[in-house]
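The values are calculated or read from the model by the stated rules, or taken from the named source; none is laboratory data. The structure displayed is predicted, hence computed values, not measured ones. All Cβ positions, even for glycine, are placed from backbone atoms using ideal geometry, and neighbour counts span all protein chains on display.
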Amino acid sequence: MANNNTTDFQLRERLKELKCLYDLSKVAWEADNDIDTIVGRTLEILPAAMQYPDRAEACITIDGKVVATGNFTSCEQIISSPLLSGKKKRGKVEVGYRKVKGRKSPAHFLAEERKLLRAISREFSLFIKRAEGEEEKQKLQLQLQHVERLAFVGELSAGIAHELNEPLGRILGFAQLIKKTGGLNEQQGDDVERIVKASLYTREIIKKLMIFSRQMPRQITWVNINDVVSNILYFIDVRFIGRQVTIQHKLDENLPLIQADEVQLTQVLVNLITNSIHAMPKGGELTIRTRKMKNNISLAVRDTGHGMTGDVRKKIFEPFFTTKPVGQGTGLGLSVVQGIVIAHGGKIMVSSQPGKGTKVEVLLPLKQISKHE
């Protein structure tokens, strides 16, 4: 009779283990590599497979993140099995029995329980590996889509720039010729001046398009960034004097010269300053700082404007993305800035908080490295 009871017990325990493994494999299939979902469902399923399910608690740790059933911390007896990624330990799966008042705690875990936990940890290790592989695949697909989109936009931008350049040059040339000829009354003179200014503004937009599409070759010379800042601030102060924006500059007096395209770096700084000023429609403080670092120089532009949300910050380097009203921005500024900085072998970093302003820091190497070096 005792043998029959032992056989029945072993059979029941084996059935619980098989059901647990089946349920977990079903969860993994339905969760579509969502680790958080798999962890949550495993914590529901695993205790039921133990010898004393009414007292069993479970805990799963992955990369320092711990998720457990409600009373796991009160467990007296605990067994665990590691989660491995190759030879690297990523976490562990634990099962414990909590003490129940008036009932004797089990003397030990069954060999079958330990075996089941090892099987679950192996399966979980595979879940993690598969989920991370799928996540990496999706990242690569998004990167590929982004590169393809940039290539298309670059070709489109180059075509638009070339198509506009010739007629714009004629408009500007004839307007300047009319202005030089003279004989205009005051109203006519003002109108011609508006044409010239509008043409020059449009030419700047075309220049941005050509830089973005890599149609304008770089001209590398030795550049003093402090001089670039000073030259720009002279015009910026005049243009934005009525906006109640205080401009401060903290320039490193011992800043070394760098190898760069001065025209393109001017474009970078003008875009950053203009964006900052537009972010402070009610006034504020704009700070421009330069400093020497180990192998780079740092150019930072900070404002006290309205700042950006995380979602906006993720998109700021996308071509034609702008938060400005229609007609007040092309959305090319920061994509051009990023393109120029990367072409110079530099880095650009943006930190921003809504209501607290934005800081953009550009790191540029002291020397340009040719492809032959």
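Of the residues that make up segment 146-168, is at least one surrounded by fewer than 17 Cβ atoms within 10 Å (Cβ to Cβ), at pLDDT 80 or above, out of contact with any helix residue (DSSP H, G or I) (no Cβ under 6 Å at 6 or more places or on another chain) and assigned to a helix (DSSP H, G or I)?
yes
With at pLDDT below 75, among the β-branched types (Val, Ile, Thr) and surrounded by 15 or more Cβ atoms within 10 Å (Cβ to Cβ) as the only criterion, which of 206, 247 stands out?
Matching residue, one of 206, 247: 206.
Only one of 312, 336 is modelled with pLDDT of 75 or more, surrounded by 13 or more Cβ atoms within 10 Å (Cβ to Cβ) and touching a Ser or Thr at 6+ places or on another chain (Cβ under 7 Å). Can you tell me which?
None of the others qualify; the one that does is 312.
I'm told residue 294 meets every condition in (1) at pLDDT 85 or above; (2) under 20 Å from residue 251 (Cα atoms) except one. Can you identify the failing condition by its number?
(1)
Return the residues of segment 179-188 that are surrounded by 14 or more Cβ atoms within 10 Å (Cβ to Cβ) and assigned to a helix (DSSP H, G or I); say none if nothing qualifies.
Passing the criteria: only 179.
Got a sec? Which strands (runs of 3 or more DSSP E) wholly within segment 1-108 have at least 3 residues that are within 15 Å of residue 122 (Cα to Cα) and either modelled with pLDDT of 70 or more or in the same structural domain as residue 119 (by TED's automatic domain parsing) (or both)?
Once the strands (runs of 3 or more DSSP E) in segment 1-108 are filtered for at least 3 residues that are within 15 Å of residue 122 (Cα to Cα) and either modelled with pLDDT of 70 or more or in the same structural domain as residue 119 (by TED's automatic domain parsing) (or both), what remains is 56-62, 75-85, 88-98.
Could we say that residue 286 is within 13 Å of residue 226 (Cβ to Cβ) and in contact with a helix residue (DSSP H, G or I) (Cβ under 9 Å, 6 or more places away or on another chain) here?
Criteria not met by residue 286.
Scanning segment 285-306 for residues that are in a strand (DSSP E or B) and of a type in the set (D, E, K, R), which turns out surrounded by the most Cβ atoms within 10 Å (Cβ to Cβ)?
Among residues in segment 285-306 that are in a strand (DSSP E or B) and of a type in the set (D, E, K, R), the one surrounded by the most Cβ atoms within 10 Å (Cβ to Cβ) is 303.
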